[in-house]
Amino acid sequence: MGKFCANCGTGLDTEAKFCVKCGKALANQSHNHNIGALSNYNKLGLVGFSERINDPEIIKEIEERDKKGRGCIFIGIPLPLIIFLIVSLATEEVSTADALVFGGGISAVFLVFYVFSNFLSNAKRSWDGVVIDKKTKNKSRRYRDGDIQNYVEYTIYFRTDSGKKEVSVSTSNGSPEYRDYYDYLNVGDRVRYYPQLAFKYEKYDKSHDNVIPCMFCKTMNDIQSDRCEACSSLLFK
């Protein structure tokens with residue numbers, strides 16, 4: 001393979017005139033001014049998926065955050081059972097049997113939640129794909145007290161390289177932090193999904209962007225920055 005599609009990142013033969021995956025015409029990519037621009041972008045790390053996911057600093061940061069998360073959850077899992085047992089010993093309002101049932105039940109729910117969350121954040125669930133559609137929908141929910149809350153549902157549709165369809169859904173009542181992915185990603189963008197990171201989608205081609213997200217704290221940074229202005233983590237360039 002001698003070149004890559006600038007639209008979706010697919011590797012192509014040197015003589016290819018159209019991308020075999022997205023159908024983008026490639027004739028103009030052979031012009032000198034486009035080759036020069038693409039070369040400059042590659043030097044800046046703005047075209048292509050970042051290798052920083054394998055950087056020792058990034059690996060260490062992921063491990064430290066996971067360790068903190070495990071510490072919190074391992075304290076939180078037995079806490080309901082302990083509290084109920086203490087209450088049962090201190091008062092007669094709760095029997096020991098009830099404390100074991102209710103406290104143990106809540107602790108079990110916490111354990112199941114932890115196992116499920118751990119599965120969802122497993123790095124092996126990473127995939128590469130393309131944004132194929134974006135939709136918004138105005139919705140509302142009614143609470144028991146009769147209040148009605150209006151909100152917007154933001155949905156992004158992806159097609160993975162293996163042919164599967166993936167969906168990202170978020171809701172917002174006007175707060176922009178709940179629609180980071182929707183505003184950042186565009187139809188046709190090639191992306192890589194990182195389930196173990198806070199900001200889960202990296203663009204293949206960042207050369208047309210003015211900002212780049214921190215994959216750890218979700219802060220948007222100037223595209224020329226190398227580290228996040230909020231948490232100092234390395235940006236994926």
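Taking the Kirkwood radius as Rh and the Cα radius of gyration as Rg, region 129-190 has a ratio of Rg/Rh equal to 1.11. A straight Cα-to-Cα reach below 18 Å connects K135 with the aspartates and glutamates E153, E166, E177, D180, D183, D189, residues fewer than 8 places away in its own chain not being considered. Using a cut-off of 21 Å between Cα atoms, the listed pairs K200/K237; K68/K200; K165/K203; K139/K218 include K139/K218 as exceeding that distance. I'd like to know which of F216, F158, Y194 lies farthest towards the positive end of the charge dipole of region 135-231, counting +1 on Cβ of Lys and Arg and -1 on Cβ of Asp and Glu. Result: F158, furthest along the dipole toward the positive end.
Given axes a ≥ b ≥ c from the Cα gyration tensor, I'd like to know whether region 62-120 is rounded (a/c under 1.5), prolate (a/b larger than b/c) or oblate. Oblate shape, in that a/c is at least 1.5 and b/c is the bigger or equal ratio.
Values in this text are rule-based calculations from the coordinates and carry no lab data. None of the values given here were measured: they were computed from a predicted structure. For neighbour counting, all protein chains shown are included, and Cβ atoms are generated from backbone atoms with ideal geometry for every residue, glycine included.
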